Amino acid sequence: MKFNEIFTAQSIAAMLTSDPTNANPYVGEAFFPRKKKMGIDLKWIKSHKGAGVELKPSSYDALATIRPREGFSVLTEEMPLFRESMKISEKDMVDIQRAQDANDPYLMDVISRIYDDVSNLVEGANVASERMRMSLLAPINGDMKINIGTIDNTVYNYNYDADGSWKASNYEALSNNKWTDA
């Protein structure tokens, strides 16, 4: 049997589209699993444990001095909206009907993959989620933030290290040395 008889365009297309290894989970999902949230408000408490502050002296039989709560802040943001659509033109629909009449089983498989708009949009949402996860797991320049982009002249950035304390204690910039240098 010849090489070109085994590796036809149809067999390669079938391998690329139905190979289960193409559906491997994303790395970031192991650290930030999917969790459905009702509403669009994001709220989290950011805290850090600083040096202890000594108690103030007090008189007997007096009211206790009220100590302020420090070392935390409540951050509130609004989730961005991700919405896209895909279009099938009338000419595309005519071409699809023509292909269905051709009775070519390989052609219909390719067309169904090209026009699998639901899977395409869902995968786009998965990629957007993974990009946001990896922004926190492997921050560029040590900045712990998710940069969504600009939408209707509004910039969406979620900064998880506004004061730079995480970057100061956890990030060290790489020098320009090569991997081969000792």
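The values are calculated or read from the model by the stated rules, or taken from the named source; none is laboratory data. No experiment lies behind these values; they were computed from the predicted model shown. Quick reminder, even Gly has a Cβ in these numbers, built from the backbone with ideal geometry, and neighbours come from all protein chains shown. Heavy atoms of the whole protein, side chains included, go into the accessibility calculation; ligands, DNA and RNA do not. Shrake-Rupley method; radii C 1.70, N 1.55, O 1.52, S 1.80 Å.
Using only the alpha-carbon atoms, how far is helix 9-18 inclined from the longest principal axis of the chain? Give it as 0 to 90 degrees, nearest 10.
Once rounded, one gets 30 degrees.
Once all Cα-Cα distances of the stretch 41-146 are split into 10 Å bins that start at 0, what whole-number percent is in each one?
Taking all Cα pairs of the stretch 41-146, the binned fractions are 10, 20, 19, 15, 13, 9, 6, 5, 3, 1 percent.
With charges only on Cβ, +1 for K and R and -1 for D and E, what is the dipole size of the chain about its Cα centre, in debye, rounded to 20?
760
Where nothing but the Cβ of Lys and Arg (+1) and of Asp and Glu (-1) is charged, how large is the charge dipole of the stretch 60-156 around its Cα centre, in debye to the nearest 20?
That gives a dipole near 420 debye.
When the chain is treated as a GNM, springs tying every alpha-carbon pair under 10 Å, which of Leu75, Leu136, Leu55 comes out with the largest mean-square fluctuation?
For the chain, modelled as a Gaussian network with Cα springs under 10 Å, the answer is Leu55.
Hey, what's the chain come to in accessible area per residue, 1.4 Å probe, Å²?
88
Express the Stokes-Einstein translational diffusion coefficient of the chain in µm² s⁻¹, to the nearest whole number, given a Kirkwood radius over alpha-carbon pairs, 37 °C and a viscosity of 0.692 mPa s.
143
Just to confirm the number: angle between the C-alpha axis of helix 105-114 and the first principal axis of the chain, 0 to 90 degrees, nearest 10?
Taking Cα atoms only, the helix is inclined about 30 degrees.
Relative to the longest principal axis of the C-alpha atoms of the chain, give the angle of the C-alpha long axis of helix 117-137, reported between 0 and 90° and rounded to the nearest 10°.
30
May I ask for the net charge around Glu77, where only other residues with Cβ less than 14 Å from the Cβ of Glu77 are counted and Lys, Arg are +1 while Asp, Glu are -1?
Here the count lands on +2.
If each residue of separation counts as 0.36 nm, what is the full-extension length gain between Lys46 and Ala173 once their alpha-carbon separation is subtracted?
The Lys46-Ala173 span can extend by a further 43.3 nm.
Determine the calculated [θ] at 222 nm for the chain from helices alone, applying -39500 (n - 2.57) to every DSSP H run no shorter than 4 residues and normalising by the residue count; nearest 500 deg cm²/dmol.
Helix contribution divided over all residues of the chain: -10500 deg cm²/dmol.
Which of the chymotrypsin sites (Phe, Trp or Tyr not before Pro) found in the stretch 52-121 are in a DSSP loop and have at most 12 neighbouring Cβ atoms, other than their own, within 10 Å?
Tyr60, Phe82
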